[in-house]
Each structure stands twice: as structure tokens, then as C-alpha cells.
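Below is one structure, written out as C-alpha cells; comments come after it.
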Amino acid sequence: MSSVSVVIPCYKYGHFLADCVGSVLDEQEDLDVRVLIIDDASPDDSAEAARKLAASDPRIEVRVHEQNKGHIATYNEGLLEWADGDYVVLLSADDRLVPGALVRAAALLDAHPEAGFCYGRPVRFQHGGPLPAARTAGTGSAVYPGRWWLERRFREGTGCITSPEVVVRTSTQRAVGGYDPALPHSGDIEMWMRLAAHADVGYVRGADQAYYRVHGGNMSTTDFGGQLDDLRQRRAAFEAVLDKCAGQLTDVPRLSQVVHTRLARQALRRACRAYDRGRTGVVPVDELVAFARDCLPTFAALPEYRGLRLRRRVGARAMPYLQPLVLSAVAERGREWLWWQSWKRRGL
């Protein structure tokens, strides 16, 4: 029987703990599951709520910090000091697992020892709203070569995982180490990439694996300043992977060029959207351009920068009204360029 250690860090989320822990321990048949709740010196009654749960089930342990240590130190305490099961899960107290999620993940990792972790589809739900229906019947699994999966992340410049849907092989977690204190806001994406540099990646098909709660605490990238912070944090995560995993990667310069180009383009697209939506007064356009320049010295050759220059000529006040005409002209110019390139190749 496989064993799973589930670490639940908690700070002022005691009112969510019963649902969170119940989702871990219920409907996970034929698994040896243990839970550690770490309360990081919550100023409310979260520690009391955790102790009540532990008193009702011997599979639950509780640690309470006398002083707040922060989320990174709390994560690493559970993952590296406490977890001793075959597999380990880091689950925020305000999230939940879907019934059978651990069974499906453990089956995949049991069958594929080359996989260092696996994940599946999360179901997002709005804080205060009803819990959506989740799919619990899997349709199989896939295992991707770790380097291939890592390459995809660099090409996209983003992660593809929220967090609660991930189950990690404990031996792999210990081999790569814990979360990086220097990356308090992007340590998760850096962790998944670091794991992929050392092992293959599994994916649970068909079934949903976790519920991810969406509320003010995890929506910082939707505000305008947060968009720039998000780009900076992702850049730091990718650069940390290139530094830490240089020994596992044979093409660090190419990967660096790929991701810095991608991030520069994303920054410029956000600047363009500010003009399109009439939000140049609140979106830090100049800082987004500076970020693109810092990522990629040749940023001015990117099509997104040419689009931004055009929008600047039109003007911030007129652009929202003229956007359809401007974008149509840009598209037509692109078609003409493609025709010209085709004409040259034919040697006509």
C-alpha cells in the first residue's frame, strides 16, 4: 500500500480546515494517508481548529509556530522535515482535493518510477460560491519527458499548474530541495521546473484532481501593478532554474533566449492592451517597456513593439475608438508581408 504525506500550511484559514482535511482523508481508499497541519502563528482561532481535528483522527498531526515564519519556511518544514510517505502533497488550507485524487496520482507514480511528480486539472471556484461538480472518472494518464515538459514552460513563459493538484515523489522532493526563500511569489513554478529538470512528469487524464479557491488573496496579478510584478517574478523563477539546474541542462543559453524573448513579448502585449482599452493612465506602460528592454536588448525588432509604436502615434485618447481600424490595417500589412516573402521564395 502506497503512503502519502499531506502538508497543510495554515495562516488565518482555520475556518477552511475541516473541509480541506476531509477532502484529503475521505474517499482515498487503499492508501496510507497522513496529514500535518502547520499553523504559522495565526492570530485567530486557527490553531484551536487544527487541534480539534487532530483530536478526532489519529492520522492528523498539528504543529503550531509561536512566531510567524512565513509561508516558504512553513512549506519546507513540512516537505523536508516531516514528510516520510512515498509521495507528498502541499495543500493550502483554503483548497481541497477531489475525491479519489490521491488514489489516481499514486497509481500513476506507482506505475512510472521515472516520474518525479504528477498533476491533473484543477477546478477553480469562487470564494463564497458553491463548489462546482468535479469529474472523478479518469481516462488514463500520460508521462512526459521532464526536459520536454521544461522546454514547454520556457517557450510559454508561464506555468501550467496552480498547486493543489500536484503530488510529488518524496525522494525526488528531497533530492531537489525545498522552496526558495528568494522567490516568495513564484517559488511554485520554479519548484515544478526544478523537479522536471531531474525527473519525468506525469499527468492524470480525464478526472479533476483538486479545487482551487479564487479570492482576493490569490488574484494579485489581475490588477495593473500586479501584472508587472507577475512578469518580474516569473522572470526570477526562470532565471533561478537556469542557474540551479545548469548541470542537468545542455542548452542553457538557448533556453535563456527563448524565455526572455517570450517575457519581453508578453510585457509589450500588456502595454498594447493598455492603449486598446484606454488604461494608459493606470497601466505602467513605460515600466513594461523597460522590462522588455531589460529582458531582450533587441526588443525593438519585435512585432509587439512596432504595434506599440503605432498605438503611441494614434494616441492614448483615440486608440480605444480607432482600435478596429488600426488592428485591421496591421493585419493587412502582415498579409502583404507574407505574400512578399512567398513571392521572393518563388523567385518571381
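Below is a table of values for the structure above.
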item: Condition met for Arg273 (of a type in the set (D, E, K, R), under 14 Å from Gln227 (Cα atoms) and modelled with pLDDT of 90 or more); result: yes
item: Selection count, the stretch 251-284, where residues are over 25 Å from the mean Cα position of the chain (by Cα) and surrounded by 22 or more Cβ atoms within 10 Å (Cβ to Cβ); result: 1
item: Residue in the stretch 20-40 that is more than 30 Å from Thr136 (Cβ to Cβ) and in the same structural domain as Ala93 (by TED's automatic domain parsing) present; result: yes
item: Residue within the stretch 211-229 that is of a type outside the set (Phe, Trp, Tyr) and modelled with pLDDT of 95 or more present; result: no
item: Total residues in the stretch 115-131, condition farther than 18 Å from Ala93 by Cα and over 18 Å from the mean Cα position of the chain (by Cα); result: 1
item: Some residue of the stretch 160-169 being in contact (Cβ under 8 Å) with a residue 40 or more places away in the chain, in a helix (DSSP H, G or I) and not β-branched (Val, Ile, Thr); result: no
item: Residues located in the stretch 47-103, provided they are in contact with a Phe, Trp or Tyr (Cβ under 6 Å, 6 or more places away or on another chain) and over 15 Å from Arg174 (Cα atoms); result: Ile72, Ala93, Asp94, Asp95, Arg96
item: Filter pass, Ser141 being polar (S, T, N, Q), closer than 24 Å to Asp86 by Cβ and buried (at least 17 other Cβ atoms within 10 Å of the Cβ); result: yes
item: Scope the stretch 36-86; condition closer than 30 Å to Ala115 by Cα, in contact with a Ser or Thr (Cβ under 6 Å, 6 or more places away or on another chain) and assigned to a strand (DSSP E or B); matching residues; result: Ile38
item: Residues being among the charged types (D, E, K, R) and either outside the structural domain of Pro9 (by TED's automatic domain parsing) or assigned to a strand (DSSP E or B) (or both) - total across the stretch 87-124; result: 3
item: Options Thr162, Thr172, Thr139: the member that is more than 17 Å from Phe117 (Cβ to Cβ) and among the β-branched types (Val, Ile, Thr); result: Thr139
item: Residues satisfying the stated conditions in the stretch 140-159, i.e. hydroxyl-bearing (Ser, Thr, Tyr) and assigned to a strand (DSSP E or B); result: Ser141, Tyr144
item: The stretch 163-206, subset crowded, with 21+ Cβ neighbours inside 10 Å and aromatic (Phe, Trp, Tyr), residue farthest from the chain's Cα centre (by Cα); result: Tyr179
item: Pair list, Cβ under 6 Å, 6 or more apart: the stretch 305-317 residue touching a residue at least 24 places away in the same chain (Cβ under 8 Å) and crowded, with 16+ Cβ neighbours inside 10 Å, other residue among the polar types (S, T, N, Q) and not in a helix (DSSP H, G or I); result: none
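The values are calculated or read from the model by the stated rules, or taken from the named source; none is laboratory data. Just so it is clear, the model here is predicted, and its values are computed rather than measured. Here the Cβ is made from the backbone with ideal geometry for all residues, glycine too, and neighbour counts use every protein chain on show.
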